[in-house]
Amino acid sequence: MTDNKRQHSKPYLVITHEDAAQNQQQEADAAASEHYNLRLYVAGQTAKSAAAIVNLRRICEEHLAGRFTIEVVDLLVHPQLAAGDQILAVPTLVRRLPPPLKRVIGSLADTERVLVGLDLRSGHHK
Amino acid sequence: MDRNVTTAPDLGAAKPLPKAPTGIAGFDDLTLGGLPRGRPTLVCGGAGCGKTLFAMTFLLNGIQRFDEAGVLMSFEEAAEDLAANVASLSYDVAGLIAEKRLVIDHVRIERSEIEEAGEYDLEGLFVRLGHAIDSIGARRVVLDTPEALFAGFSDEGVLRAELRRLFGWLKDRGVTAVITGERGAGQLTRHGLEEYVSDCVILLDNRVHDQVTTRRLRVIKYRGSAHGTNEYPFLIDEGGISVLPITSAGLNHKTYNEAVSTGVTGLDTMFGAGGYYRGSSVLISGGSGNGKTILAAHFAEAMCQRGSRCLYFGFEEGPDQLIRNVRSVGIDLSPHLSAGLLRFETARPSFYGLEMHLARMHRDIEQFAPGAVVVDPISAFRGPEVEVHATLLRMIDILKTRGITAVFTNLCGEEHQPSHGEHGLSSLMDTWISLRTIEADGERNRALYVLKSRGMAHSNQIREFVLTAEGMCLREIYTGPGGVLTGSARVAQATREQAEAAARVRDAARRRRQFETQKNALERQIADLQAALEKEAEELAAFSAEAEEHEAGLARDQVTMSASRRSAE
């Protein structure tokens, strides 16, 4: 299906919205300020991964404005990261901070489930 | 070579499919080389039947013995646990990982941590596996067991598609893979993995029968290759897994014309060849206390004295007890034991199932490489006759292919005719010595005879033997109207025969004397008659002379008379 559309594109580790210094600062006291450090694992540029990136940005803008970091990791470029973070399915969204670690898999099209998966359903919904 | 001889089909005749040896003793024999190289194999079975161990053995042997690096992807056990589990099999897992010859990746699946929001696939798994394979140049892969994925993901459709893709991908990568699967109800694996792995399927089984567990292995399917189709028992112990195939389907064992001593001088001469044939199987049957073990121990001693190794499987006595007991009849096995020529393997028969015993014995034989084996006694194996028979058949097969002379003792009843069970045994045995006791005149005495001995002339006599401080000793044969005479009766018969012989000697002497007397008398008579005859002849001669004289006188008278008459005229 989408597999044959996977391209071995340029490596990209995208850090959005925050510059690096600010990022570090925010990570330091993430727990206190409920800063969300999110990592999205994809494998090549497929329709699903593109959709996941778009969906994730949208959800974050809506629910976590100003207090999130998104890293996108392409496993085709950094395959060694798959084992360490226990990635099986792609796309996988991992909430690295705040603890505990949370995972959401899929294209993140189902916003409700993403919010449940990120523990945003109870405290931060509109 | 023997084209005209029809034997069982040669399993190796099929066109060769490249194989990856597992290094599991016996398994590579029955699959004629191992698992299909570059293809996935499914190993399935119930809980605790050795799937993971099988897969790990395949992987670790591949690394250590065949220089093929390996990747283990475990979906169940954590890497540390796995390392600990196989460390007991003397594999240095940590060392292999450090040497970059092994990668263990533990895939942890926690359903509660995963939220599904939209479409996904399992590309992450492929990436992980691919990276692991590439990082060490792996040729072998174990997935143990990907069925755990079904617990982690709710979209079964995606899972099945991805699993199908995974097995195809493994094939494309050209790695030899073992995938394990838990046995499910009505099908081989719980989630039907067998649907995707079509090249080779192996079923492991763990069955309890009469409170004894036996592990069995069966190759259900092996595309493109012949394979043994039976269920084979296999063994898991401190040495890992070993499978016990019937080593040869045909009966084309090498035969030997050389004889080996039975250890009993008199018994050797009862066999035309001077003993048992090398590589033959010998059955010693008899009732309790008939000396079966002693005869077997004699053989063991004789083999050791020839410098041949002997492996003694005892199922009734421990080694110390046995050595003490046979020493009482002058057989000293302890020097051979300390010299390493003799080895005892003793176990309670009920400790394992038949197959397990067989597998253990097989392994011991492999390790010790003996020239002779004693199994004392085979009657200790309890179980359905068919199974006992099959076990022994395989045992004998193992021994024969290695040219090992084997002595089996068998406890049987006292009937003169072999029991039903023994009829079954007979076909397996080349030589059969029956020990029995003969009860007569208030005594029990031991006797033996050679019931059969294939390929050689043998004595048809029932020989009494006694157990002396110098060992088993065969006695001369005494037969009487009621059969062989033994014990006191034999002694009495001997005395009687001696007396009779003496009487016969005396009688003959008397007859000779009588004859002499008579001859002398007759000769005297002959002399007398001869004398009388001579006298008669003399008389006859005298009379004849007188008569002639008389005739001559008469003639003279007539002449005188006629002359006188003429003168008167």
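Just so it is clear, none of the values below were taken in a lab; they were calculated from the coordinates. Since this is a predicted model, take the numbers as computed values, not measurements. When we count neighbours, we look across all protein chains shown, and the Cβ atoms used for this are built from the backbone with ideal geometry, even at glycine.
Quick notes on this structure:
- Packing, as the average of other Cβ atoms within 10 Å across residues, places the peptides B:370-378, B:459-467, B:61-69 in the order B:370-378, B:61-69, B:459-467, highest first.
- Violating pairs (Cα-Cα greater than 28 angstrom) within the set A:LYS48/B:LYS100; B:LYS221/B:LYS400; B:LYS19/B:LYS51; B:LYS254/B:LYS452; B:LYS171/B:LYS221: A:LYS48/B:LYS100; B:LYS221/B:LYS400
- Neighbour counting of Cβ atoms within 10 Å sorts the residues A:HIS35, B:HIS458, fewest neighbours leading, into B:HIS458, A:HIS35.
- Each of B:THR265, B:THR145, B:THR346 has some number of other Cβ atoms within 10 Å of its Cβ, and from fewest to most they run B:THR265, B:THR346, B:THR145.
- Among beta bridges that DSSP assigns inside region B:11-243, antiparallel share in %, nearest 5: 45 percent
- Note on region B:11-243: Kirkwood radius taken over Cα pairs, Stokes-Einstein applied at 37 °C and 0.692 mPa s, translational D equal to 182 µm² s⁻¹.
- Percent of Cα pairs exceeding the 31 Å cut-off, where the set is chain B: 63 percent
- Expected 222 nm ellipticity per residue - DSSP helices of 4 or more, -39500 (n - 2.57), all of chain B, to 500: -13000 deg cm²/dmol
- If only the Cβ of Lys and Arg carry +1 and only the Cβ of Asp and Glu carry -1, the dipole of chain B around its Cα centre is close to 540 debye.
- Sum of side-chain charges, B:PHE167 neighbourhood, beta-carbon under 12 Å (Lys, Arg +1; Asp, Glu -1): +1
- Averaged over the residues of B:127-134, the number of partner chain Cβ atoms lying within 10 Å of the residue Cβ comes to 6.
- Of interest is the spacing of the C-alpha centroids, which for region A:41-107 and region B:31-90 amounts to 33 Å.
- Distance from region B:370-403 to region B:114-177 (C-alpha centre basis), Å: 46 Å
- Nonlocal amide H pairs with B:THR262, under 5 Å, H built at 1.01 Å: B:ASP268, B:TYR276
- P(r), alpha carbons of region B:259-485 - 10 Å bins starting at zero, rounded %: 8, 35, 39, 16, 2, 0
- Percent RCO, i.e. relative contact order, over chain B, from Cα pairs under 8 Å lying at least 6 residues apart: 12 percent
- Volume of the convex hull of the protein assembly as shown (Cα atoms only), normalised per residue: 283 Å³.
- Residue order for B:TRP432, B:TRP169, fewest other beta carbons within 10 angstrom first, comes to B:TRP169, B:TRP432.
- The HN-Hα couplings worked out from phi for region B:202-207 by the Karplus form 6.51 cos²θ - 1.76 cosθ + 1.60 (θ = phi - 60°) are 10, 10, 9, 8, 9, 10 Hz, whole numbers, x standing for Gly and Pro.
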